[in-house]
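Q: If you scroll down you'll find the structure; I have some questions about it.
The values are calculated or read from the model by the stated rules, or taken from the named source; none is laboratory data. As the structure is a prediction and not an experimental result, all values here were calculated from the model. We place every Cβ from the backbone using ideal geometry, glycine too, and count neighbours over all the protein chains shown.
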Amino acid sequence: MLKISVFELKIGMFVSQLDRPWLETPFLFQGFFIRSRHDIKALEKHCKHVLVDTERKYTETKQLKIYSENPKTQADNKKNLPHRSCHYEDKIPVEDEIGFAKQCRTSLNKHYHHIHEVVSNGKAIDLDKMAGTIEGMVKSIVRNPDAFLWLAKLKNFDSYTYNHAIDTSVLAVSFGRHLGLNLTELKELATGVLLCDIGKVKIPKSLLSKPGRLSSQEFELIKTHVKLGVEILQQANGKVSHEVIKIAQFHHERHNGQGYPNGLREQQIPVFARIAAIVDCYDAITTHRSYNKALSTLDAIKCMYEWRDIDFQKELVEEFIQCLGIFPTGSIVELSTGEIGIVLAQNRIRRLRPRVMLVLDKNQNSLDHLPVIDLVKEEKNQNNEVIEIVRSHESGVFGIDPANFFIHD
């Protein structure tokens, strides 16, 4: 690493560290190549010195933009985001939270199965019965979101509908926590996202799982699940908040007005529905389906970034990426040493240096002992080699299934 003045920066250099916390700057990602004079100007505005990795070589590939484009963006972004009423910090290690999270998710899965049965039988649902479980999930994620996010990686291929509902709800609450929503708002968000597709219970399963492109008539039928879902929530026993219903009603609207059912655009879409749209899309593209291969987490993040200001609000997409980190919890990563690991927990400040559980050695042989390294504390190994994540891999690569490396309580 080489410490230099920002006025010495040149195009092609890789900036690995700033002279201040990343979250105090408009840069979206930790670690980036200088691609233009505009990048240098942005750094000059916020830093005096940076650390440059002289071993990283710049290649002309499509990369994510690394800073907010407009000087006013920091202030303008806040105007378009929910009011941050809380600030959360991790209160417990992921290893200590995983036991409760596992029990809570099992209970949530049972409640969701029951709701499906009730709707299938044409009866009214009772949300009060699972309110305590939802509150438990929210409080667990507030203490440490990594436990529930790890469990979200243990997907059952045959239960996409149930997993997708719970996983998107987990993502939504984790995102809401990052945005500083209060507990009441987080519970409404959790409930609304969990049930936003409940209307699909009334759509033929053969159509929902059909491989290949839908006909226009089939797509019109699929779209009716929004209206059906709203009716189910409105007819539920007990009070269902207006915010929960709006999530179900508007989560398929899109920023550019090309969504459904009403073609709403930008700020016309309720903010919780905008959040729901982002997490719904992200979970769908990172999940294996019979007709669609899952994207790696990094490829999915790149796609979400490309769709900002088209399908999704730019400011929310950028915050969502900050929330996940470039290497989200549970993702399979390759280190500069050649070792393969699974991201165990995030570092909320230095997102490129999470805690990683090593599962394969540099020759891709399985490890009997699964050491956990904190990349913030361990920048080099015993051979004085720099340790950093060089790439992420899609689920299943190297025969790795996160379920086989489950953290036991």
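Q: Give the residue that is surrounded by the fewest Cβ atoms within 10 Å (Cβ to Cβ), with candidates limited to residues of the range 165-191 that are in contact with a Cys (Cβ under 6 Å, 6 or more places away or on another chain) and not in a helix (DSSP H, G or I).
A: The first filter runs over the range 165-191 and keeps only residues in contact with a Cys (Cβ under 6 Å, 6 or more places away or on another chain), leaving 175, 178, 180, 182.
From what is left, the residues that are not in a helix (DSSP H, G or I) are 180, 182.
Numbers: Gly180: 15, Asn182: 13.
Looking at the filtered set, the residue picked out is Asn182.
Q: Looking at Ile301, Ile285, Ile310 in this structure, which one is assigned by TED's automatic domain parsing to the domain that holds Leu207 and surrounded by 23 or more Cβ atoms within 10 Å (Cβ to Cβ)? Talk me through it step by step, then tell me what you get.
A: Details: Ile285 fails: surrounded by 23 or more Cβ atoms within 10 Å (Cβ to Cβ); Ile310 fails: surrounded by 23 or more Cβ atoms within 10 Å (Cβ to Cβ).
Criteria check complete, one pass: Ile301.
Q: Further question on the same structure: Do you know which residues across the range 371-395 are assigned to a loop (DSSP other than H, G, I, E, B) and within 16 Å of Phe327 (Cα to Cα)?
A: Filtering the range 371-395 for residues assigned to a loop (DSSP other than H, G, I, E, B) gives 371, 375-379, 381-385, 387-388, 394-395.
Leu375, Val376, Ile387, Glu388, Glu394, Ser395, listed by residue number.
Q: Then there's this: Mind listing just one residue for me: the one in the range 192-221 that is under 25 Å from the mean Cα position of the chain (by Cα) and part of a helix (DSSP H, G or I) and, of those, farthest from His111 (Cα to Cα)? If you could, list the steps in order and put the result at the bottom.
A: To start, the set of residues in the range 192-221 that are under 25 Å from the mean Cα position of the chain (by Cα) comprises 192-200, 208-209.
Those left that are additionally part of a helix (DSSP H, G or I): 192-194, 198-200, 208.
Numbers: Gly192: 15, Val193: 15, Leu194: 11, Ile198: 13, Gly199: 16, Lys200: 17, Leu208: 22 Å.
Per the stated criteria, the residue is Leu208.
Q: Listed residues Ala124, Ala131; which is modelled with pLDDT of 90 or more, part of a loop (DSSP other than H, G, I, E, B) and either surrounded by fewer than 17 Cβ atoms within 10 Å (Cβ to Cβ) or not assigned by TED's automatic domain parsing to the domain that holds Val356 (or both)?
A: Values: Ala131 fails: part of a loop (DSSP other than H, G, I, E, B).
The match here is Ala124.
Q: Checking Ile275 against (1) out of contact with any Leu (no Cβ under 7 Å at 6 or more places or on another chain); (2) in a helix (DSSP H, G or I), which single condition isn't satisfied?
A: Of the numbered conditions (1) out of contact with any Leu (no Cβ under 7 Å at 6 or more places or on another chain); (2) in a helix (DSSP H, G or I), the odd one out for Ile275 is (1).
Q: Being under 18 Å from Leu298 (Cβ atoms) and basic (Lys, Arg): is that true of Arg353 here?
A: Numbers: under 18 Å from Leu298 (Cβ atoms): yes; basic (Lys, Arg): yes.
Yes: the conditions hold for Arg353.
Q: Any residue that is surrounded by fewer than 17 Cβ atoms within 10 Å (Cβ to Cβ) and either free of Cβ contacts under 8 Å to residues at least 60 places away in the same chain or in a helix (DSSP H, G or I) (or both) - is there at least one of those in the range 242-253? Full working, then the answer.
A: Within the range 242-253, the subset surrounded by fewer than 17 Cβ atoms within 10 Å (Cβ to Cβ) is 242.
From the residues that got through so far, the ones that are either free of Cβ contacts under 8 Å to residues at least 60 places away in the same chain or in a helix (DSSP H, G or I) (or both) too are 242.
Yes, because at least one residue in the range 242-253 is surrounded by fewer than 17 Cβ atoms within 10 Å (Cβ to Cβ) and either free of Cβ contacts under 8 Å to residues at least 60 places away in the same chain or in a helix (DSSP H, G or I) (or both).
Q: List the number of the failed condition for Tyr160; all other conditions in (1) surrounded by 17 or more Cβ atoms within 10 Å (Cβ to Cβ); (2) at pLDDT 90 or above hold.
A: Here Tyr160 clears every test but (2).
Q: Counting just the residues of the range 352-370 that are buried (at least 22 other Cβ atoms within 10 Å of the Cβ) and in a loop (DSSP other than H, G, I, E, B), which one comes out modelled with the lowest pLDDT?
A: Arg353
Q: Would you mind stating whether Arg105 is surrounded by fewer than 24 Cβ atoms within 10 Å (Cβ to Cβ), assigned by TED's automatic domain parsing to the domain that holds Ile247, of a type in the set (Lys, Arg) and more than 23 Å from Asp401 (Cα to Cα)?
A: Details: surrounded by fewer than 24 Cβ atoms within 10 Å (Cβ to Cβ): yes; assigned by TED's automatic domain parsing to the domain that holds Ile247: yes; of a type in the set (Lys, Arg): yes; more than 23 Å from Asp401 (Cα to Cα): no.
The answer is no for Arg105.
Q: Another question about this same structure. Can you confirm whether the range 16-34 contains a residue that is in contact with a strand residue (DSSP E or B) (Cβ under 8 Å, 6 or more places away or on another chain), assigned to a loop (DSSP other than H, G, I, E, B) and modelled with pLDDT of 75 or more?
A: yes
Q: Would you call Gly263 exposed (fewer than 15 other Cβ atoms within 10 Å of the Cβ) and without any contact (Cβ under 8 Å) to a residue 12 or more places away in the chain? Give the steps one after another, and end with the answer.
A: Details: exposed (fewer than 15 other Cβ atoms within 10 Å of the Cβ): yes; without any contact (Cβ under 8 Å) to a residue 12 or more places away in the chain: yes.
Yes; evaluated as a whole, the condition is true for this residue.
Q: Being in a loop (DSSP other than H, G, I, E, B) and modelled with pLDDT under 90 is the filter here; which residues of the range 306-327 pass it? Give the steps one after another, and end with the answer.
A: If we filter the range 306-327 for residues that are in a loop (DSSP other than H, G, I, E, B), which is where we start, we get 307, 309-311, 313, 325-327.
Selection gives Gly325, Ile326, Phe327.
Q: Moving on. Could you check how many residues of the range 328-345 are in a loop (DSSP other than H, G, I, E, B) and either surrounded by fewer than 24 Cβ atoms within 10 Å (Cβ to Cβ) or modelled with pLDDT of 90 or more (or both)? It would help to see each step written out before you state the result.
A: Of the residues in the range 328-345, the ones in a loop (DSSP other than H, G, I, E, B) are 328-331, 336-339.
From the residues that got through so far, the ones that are either surrounded by fewer than 24 Cβ atoms within 10 Å (Cβ to Cβ) or modelled with pLDDT of 90 or more (or both) too are 330, 336-339.
Summing the residues that are in a loop (DSSP other than H, G, I, E, B) and either surrounded by fewer than 24 Cβ atoms within 10 Å (Cβ to Cβ) or modelled with pLDDT of 90 or more (or both) in the range 328-345 gives 5.
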